[in-house]
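What follows draws every value from the coordinates through simple rules; no lab data is involved. For clarity, every value in this text was computed on a predicted model and none was experimentally measured. Here the Cβ positions follow ideal geometry from the backbone for every residue, glycine too, while neighbour counts run over all protein chains shown.
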Amino acid sequence: MRFPINNVLVIGLGLIGGSLAKALKHRRYCQRVVGYDRNTAELEAGLALGVIDEAAHDLRQAVAAADLVVLAVPVKATDAVLADISTALRPHTLLTDVGSTKGNVVAAAEAVFGSLPATFVPGHPIAGSEKSGVAAADAHLFERHKVILTPTAESSAEATLVIARMWQAVGAEVLQMEVARHDQVLAATSHLPHLLAFSLVDTLAAEAANTDIFRYAAGGFRDFTRIAASDPTMWHDICLTNGDAILAQLDRFSAGVEKLRHAISSADSQAMLGIFTRAKASRDHFSRILSSSAYSQKQHSAAVSYRAQQGSALAGQVRLPGDKSISHRAIMLGSLATGITRIEGFLESEDSLATLQAFRDMGVVIEGPHQGAVKIYGVGLQGLQPPPGPLYLGRSAMSMRLLCGVLAGQSFDTELTGDASLSSWSMEQVVRPLRQMGAQIDTADGCLPPLQIRGGQSLQGIAQQLPLASAQVKSALLLAGLYASGTTTVIEPAPSRDHTERMLQGLGWTLDRPRGQVALQAGGQLQAARINVPGDMSLAAFFIVGAAISPGSELLLEHVGINPTRIGLIEILRLMGADITFDNATEVGGEPVADLRVRYRPLRAIEVPDALLARASDELPLLMAAAACAEGTTWIRGIGELRYGLDALLQALVAGLDELGVEALVGAGSVCVRGGHIGGGELSASGDYRVALAFAALSLRASGEVHITECACLEAAFPEFVALACQAGFRIGKERD
Ligand code: NAP
């Protein structure tokens, strides 16, 4: 069925009806916009103000001539208007409305028509103002605002499409929702705040003396109560038409206020801080969604690319953000410890904030982060509480893998979800051994997220030989081991990062660590401590390679973690001739740290020793970038022994190097790179931050511009990347689609 729209009739020419009519006219959506209102003064004003082309005085006649009828009357008037017009509607005339509640509008239509017409598509623009009447009509009111359509089971797809296009024509973004869901969501997000504003102003105004309060009210009061100036009749109607959903929200709110009241009356600082910090985090998150600038699903799908020109020699000193792996673990273990853990140097990235939010959702009070400082009120091993919903971990595979271990041992059920990229990562390496310990974990097909973790299981320690070295799998098992009976032993073919072991020991848990394995005995406690997170080695590696390949460079990287399991790349580069020294070496909270000084010296190709490669697996892309700038052909063997999922990474690297004119060949378990001239070109980081770092480092030596796409992952992992790189001498700019 086709619905050509020549004549639009708007019934109810107030703020919303008038604004829609004016916008449709303004955008020349149809040939004629006709208005009808029971208030003839409004109607005449609409005509005089150019809001409509024509004023209708006979409603049924106007309906019979319309191709599209929009009901924009107060929701309580819907029944009467529908009863009036139902028999005048032609079979192909579309019918929609703008009412703030939808259940009652659909019920009214059902009562009037008997069965709902296919041409009826209810809607609700999420736009408005405190004004009413046609004089307030604004042709731009709906631009960049959402409109929710709630098509019924009977609404035809074509009719829904035409109504959606009408709203898009006036600049709105159209969403669809079921009728009942709409009324619940709006009760929480719109109706409840309006009613609270009305009630607050009414309560404060009740005492004459409180006129003073209004006189001296600060901006906060003004902001909070602005919406109490909305149309009282409309809100009266909304309360009557969406009463059940509103009452449910008022009850939830009352329980929340009661909790706060109790916290204040009993001077319970921790409970108060819990409420305030959780609320602040949620509000900040919400602000970022609104400005779509950081931790949100929208951000995850936004495309980020870097455009880089040949840089100069790197110079000066750089203080890097905190280590990613240690930041995640500090939140987890600090939450499970008894007492207050203070973290300094916490990495404020989307990924580590996802871990932080997960623990807040499980009832842990966490203050900050503020300039890298975080304060955690640890709840002890048994103190986590059931989260109110699924724990959303964005793109952070590290959060998901490690949390699996913690959550397998809880008394309550949890669900772990992530964005599209995380949802394509197999969790099998972690889930399989955890199940052997007695964990109950359900996954989507292919062992993909979301993961449902059943609580209340009794876990049993196991001795697990890992087929490939993996710090994340090892850590998940050790974290589950905190809750298991007996001993949990992990045996690795090669050493992987040992940050979990060091931090567990730092917080007072005794581990047995003979060479190549770690054994954790159940029954211990974690005690809160200060955790000073050193600078991140993965990012330091980028600057180290940059200074090592860019002639004339001398760069100082301050306070970098030099954990022996992480410095394989430095040792390999030294074999290639790089000049890298450690100054001020010391130990902070069990982790060795130093200032790293890197001076340019020409690199020569080598055969990379397998033992060193095992401690540089994350830095393989940067190693290949260094090899591309070395004299001769560098051979990297033993790649097959490294870790899972390297094929896609190598493919992306080789394709990019090829684009830059660098010869690189991948064989069975090995790769070789011939050093030489580096050109420019269009490269894809394929959503892997390690690949993005390698290509960005090569831009220093590139003869042409290097454009690297699919870099949102690097942005999520290290938000300060571009600023720090430019500070050191790179010429890199960020572009966002
Ligand atoms: P408004 O400015 O008061 O306009 C409503 C108009 O409809 C008035 O001119 C009113 O005339 C007229 N009217 C009332 N009953 C009628 C009837 N039986 N037949 C013909 N006309 C009638 O209200 P509004 O703010 O535009 O709200 C209209 C609809 O939009 C409501 O359903 C509301 O829920 C929805 N909405 C409002 C907002 C907002 O922020 N305002 C936002 C989204 C959706 P009288 O003056 O004689 O009553």
Once label points are set 7 Å from the Cα along Cα→Cβ at both Ala135 and Gln176, what is their separation, rounded to one decimal in nm? 4.1
Here segment 62-69 yields Karplus 3J(HN,Hα) values (6.51, -1.76, 1.60; θ = phi - 60°; whole Hz; Gly and Pro given as x) of 5, 5, 5, 8, 8, 8, 9, 10
In order over segment 685-700: 3J(HN,Hα) from phi, Karplus 6.51/-1.76/1.60, θ = phi - 60°, whole Hz, x for each Gly or Pro, gives 7, 6, x, 10, 5, 5, 5, 4, 5, 5, 5, 5, 4, 5, 4, 4
Relative contact order for segment 185-267 using alpha-carbon pairs under 8 Å, separation at least 6, rounded to a whole percent? 44
Would you pull out the residues with amide H under 5 Å of Gln464's amide H, same chain only if 5 or more places away, H placed 1.01 Å from N? Thr489, Val490, Ile491
In what sequence do His182, His194 fall when counting other Cβ within 10 Å, fewest first? His194, His182
So, relative contact order of the chain in percent, Cα under 8 Å, 6 or more apart, is 10
At a 10 Å Cβ-Cβ cut-off, how would you order Asp512, Asp536, fewest neighbours first? Asp512, Asp536
Lysines near Lys102 by alpha-carbon distance under 23 Å, same-chain residues fewer than 8 away left out - which ones? Lys76, Lys131, Lys146
Projected label distance in nm at Ser485 and Lys734, using a 7 Å step from Cα toward the beta-carbon: 5.1
Where labels lie 7 Å past Cα in the beta-carbon direction, separation of Asn6 and Ser266 in nm: 7.2
In sequence order, calculated HN-Hα J values of segment 156-173 (Karplus, 6.51, -1.76, 1.60; Hz; x Gly/Pro): 7, 4, 5, 4, 4, 5, 5, 5, 4, 5, 4, 5, 5, 5, 9, x, 8, 9
By how many degrees, between 0 and 90 and to the nearest 10, does the Cα long axis of helix 397-408 differ from the longest principal axis of the chain? 90
Going by amide H atoms built from the backbone, whose H comes under 5 Å of the H on Ser550, apart from near neighbours? none
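Neighbouring Cβ atoms within 10 Å as the yardstick, rank Glu619, Glu587 fewest first. The partial results should precede the final answer.
Details: Glu619 29, Glu587 11.
Lowest to highest Cβ neighbour count: Glu587, Glu619.
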